[in-house]
Structure formats: structure tokens, C-alpha cells
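Contents: one structure, followed by commentary.
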Amino acid sequence: MFTVDTGLRPVLWALLLLSILIVRPADARIIVESKPAWQGAGTEMPHHHSSDGDATLRPELKPQLFRVSRVDLQTGCLAIAIYYEARGESEVGQIAVAQVILNRVESRKYPSSICNVVYQNAHRRNRCQFSFACDGRAEDPRNRRAWLKAVSLARAVRCGVACVSGPHGEPPLARLGATMRRVSHYHATYVAPGWSRRLQRTGRIGQHIFYVSARVWS
């Protein structure tokens, strides 16, 4: 029969306890899935202006992707939204989607940073403002060309007048009409959400219909 020297028992118990306390991290796996275009940025709900102090802690964010693309956190969030919401749209259509996000940042009814606007209610399945943020799929852009375009446009939109270049010779947001520069909501042409009846329709660009909410600017 195997016996243990009584002098070694404290050591063995200590090793056993240590093995229990050590927590091994689960294997990290990245699931890459394509994402469909969303129905739009809607859901009329009040939201007090909040800080973005927790933005870097959000599990939805992709800091590694942003580092590789050489963009800061807020620009990266805007690029992600442009990519998943409007990568199949014209450049003006993509600018309009970006305008919705920036207008919400300026509103007291929404969070005060781009990332927190984009990922508002992301923890609630199918209750977020932009569906890609809460559909349970990984956010890993497959279309490199579309992603680089989204990043470039996000940079230009945030930079504004200081980055005027190209054939248009004007800041991206200036390409929208005065009414379109106040848009706060939009949805795809193939859906008719109930909240759209309470808002002022401003126009259609590509497959998106845009609206202005008086509440956003109150």
C-alpha cells in the first residue's frame, strides 16, 4: 500500500489548493461571419446625454482591428457603422448614415460619443439602435476594399474642413442638403417601422429613407 510521508502532507495540500485556485482562460475563438445590411437607425426612445468613459471597456469594440487600420477608437466605431449599415450604398448614402450618428452625439437625448451611440443597447438582443451591434455575430469586415473605404470616409467626416480634398473640394457632410444635415433616423426601403410615422421624412438616398426627430433637437 502506498503511503505518504507525514512531513510531505502540508506541501501536497498546498499544491492541491494552488491547482484549484489557478483559473485557465478559455480558448479565444474568433467567429467570422458576414452581416446583412440593417433596416436602419430607429427606435424612438429617450436617453440622457452620457459620457463615454466606459467606451474602451465595451466588449463589442474591436481595438485590434482599429489598430491595424490605424484609426482611433471613435473613428473606428464610425467606420464600423458605415461598413455594416451602408457599404452597398453610394458615398453620399454612406455620408448620410454617418451624419445620423454624429447628430445623435450632438443631441442631449443620446450618448455623447460615437462609440456609445453606435453600440447603444448593444447588450439587448434586437433592441439596439443599429442591428449589427446586437445580432450576436462577430464584427470582422470581410470586404477589405469596402472596409478601407469606410475607414477613409470616417476619417474625412470627423476631420471636416481641415481635410478637404478630392474632386468635390468640400467636406463630406457639406455634400448633404441643409435638411439632410439634421437627420436623426433612417430605415431601409423594404421595411416600415412604426416610429417612422411620428417623424418628419426628409428624403431617400439609395435604399435608405431618412427622418428628422424634433425630440432629438429639443
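The values are calculated or read from the model by the stated rules, or taken from the named source; none is laboratory data. These figures come from a predicted structure and were not determined experimentally. As a convention, Cβ positions derive from the backbone with ideal geometry for all residues, glycine included, and neighbour counts pool all protein chains shown.
Structural remarks
- Pairing residues of segment 193-213 that are farther than 21 Å from Glu91 by Cα with residues that are surrounded by fewer than 18 Cβ atoms within 10 Å (Cβ to Cβ) and of a type in the set (Phe, Trp, Tyr), at Cβ distances under 9 Å and at least 6 apart in sequence or on separate chains, gives Ser213/Trp195.
- The condition of being among the hydrophobic types (A, V, I, L, M, F, W, C), modelled with pLDDT under 95, outside any loop (DSSP other than H, G, I, E, B) and surrounded by 18 or more Cβ atoms within 10 Å (Cβ to Cβ) holds for only one of Trp147, Trp195, that being Trp147.
- Entirely in segment 62-144, the helices (runs of 4 or more DSSP H) that have 1 or more residues that are buried (at least 22 other Cβ atoms within 10 Å of the Cβ): 73-86, 91-106, 114-118
- Among the candidates Val118, Val157, Val183, residue that is modelled with pLDDT of 95 or more and closer than 13 Å to Val100 by Cβ: Val183
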